[in-house]
1. Select one label from [x] 24.1; [y] 19.9; [z] 20.5: the one whose number is Kirkwood radius over Cα pairs in Å as derived from the coordinates shown.
2. Cα gyration tensor of region 72-200, axes a ≥ b ≥ c as square roots of the eigenvalues: rounded (a/c below 1.5), prolate (a/b > b/c) or oblate?
3. Which residue fluctuates the most in the chain, going by a Gaussian network model with Cα springs under 10 Å, if the choices are 97, 127, 214?
4. About the Cα centre, and with charges only on the beta carbon of Lys, Arg (+1) and Asp, Glu (-1), how big is the dipole of region 5-155? Nearest 20 debye, please.
5. In the Gaussian network model of the chain, springs joining C-alpha atoms below 10 Å, which of 70, 198, 128 carries the largest mean-square fluctuation?
6. Is there a quick way to get the dipole size of region 167-292? I mean about its Cα centre, with the Cβ of Lys and Arg at +1 and of Asp and Glu at -1; what is the value in debye to the nearest 20?
7. Given springs between every Cα pair under 10 Å in a Gaussian network model of the chain, which of 123, 85, 256 has the largest fluctuation?
8. If you put +1 on each Lys and Arg Cβ and -1 on each Asp and Glu Cβ, how big is the dipole of region 2-283 around its Cα centre, in Debye rounded to 20?
Amino acid sequence: MLDRLLGTLVSLLLRLLRRIDPDRAAGFCGAVARRLGPLTPVHKIGRDNLRAAFPDADPAWIERTLRGAWDNLGRVAGEYVHLGALWDFNPEHPDPNGRIVTDDQALFYSLRNDGKPALCFAAHLANWELPAVAASRHGLPSAVIYRMPNNRAVAAEIARIRQGLMGRLIRSRSEAALEMAGALAAGEHLGMLVDQHWSRGPLVTFFGRPCRANPTLARLARQFPDCPVIGVRAIRLGGSRFRLAATGPISLPRTAAGEIDVPAATQLINTIVEGWVREHPEQWLWFHRRWR
């Protein structure tokens, strides 16, 4: 009963947000999240995470950063139903005042034209759905790993929004490893988020503390050693304007036998993500138990 009620409420909310332009929808959801987020139990998780990552930061900075993180999370929710409208980047006539700007257009076209698959990683920064939209809109054959929400109605609504915007969707489940390998074998560009806890992953250092990280990208790189590895992130410039930035191709560490060193490669990827978060800590999702 509660599950059905939640699904109905989410569907109604998304329907309402569709009637509002992207800026107003994002601003409204950001304001709600700033107000209500600090009242939830996960606010303490965020505070503990920030204190661990920035042990010398003063409490006022911690709280300002958390308010910014709540604002960003709310804006992502408000922008979700408008993902197609947010993408106004015209590669033939780039608009420096548009919603989307990028200095890495040449890299996107190089990935499209090199005849190879690619492994692309991203993090929960700014609007983290935009890198997947960017791949599709630049004409890259692509596939995206995603986690299905437990609520069926919510999952169906999110899948409907994503369809047609971000290439082929690969659901995170036991069969996903074969589907991911199949996507690369077919020449697709595979994207995934890599910045959350992975209980069976190797130990890495993130913000000076040990945690377990997702090794999937490094394992696939080992299986497809000629596959370029690219990091892609969105940076919120203010409101619903973003800069897309790419890092790579990245040379991953190798073993003495010449194979990709999975633990070392996973560490390198997390070090790059840490650098991104340090640049814009208020745009990262701090409300996940990253260290356990």
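Values quoted throughout were computed directly from the atomic coordinates according to the rules given, and no laboratory measurement underlies them. Because the structure is predicted, anything quoted here is derived from the model rather than measured. Cβ placement follows ideal geometry from the backbone for every residue including glycine, while neighbour counts extend to all protein chains displayed.
1. This structure yields the entry labelled [y].
2. oblate
3. Evaluated over the chain, the most mobile residue of the options is 97.
4. Magnitude of the dipole: close to 740 debye.
5. Comparing 70, 198, 128 in a Gaussian network model of the chain, the most mobile one is 198.
6. Its charge dipole is roughly 460 debye.
7. Of the options given, 256 has the highest mean-square fluctuation.
8. With Lys and Arg at +1 and Asp and Glu at -1, about 900 debye.
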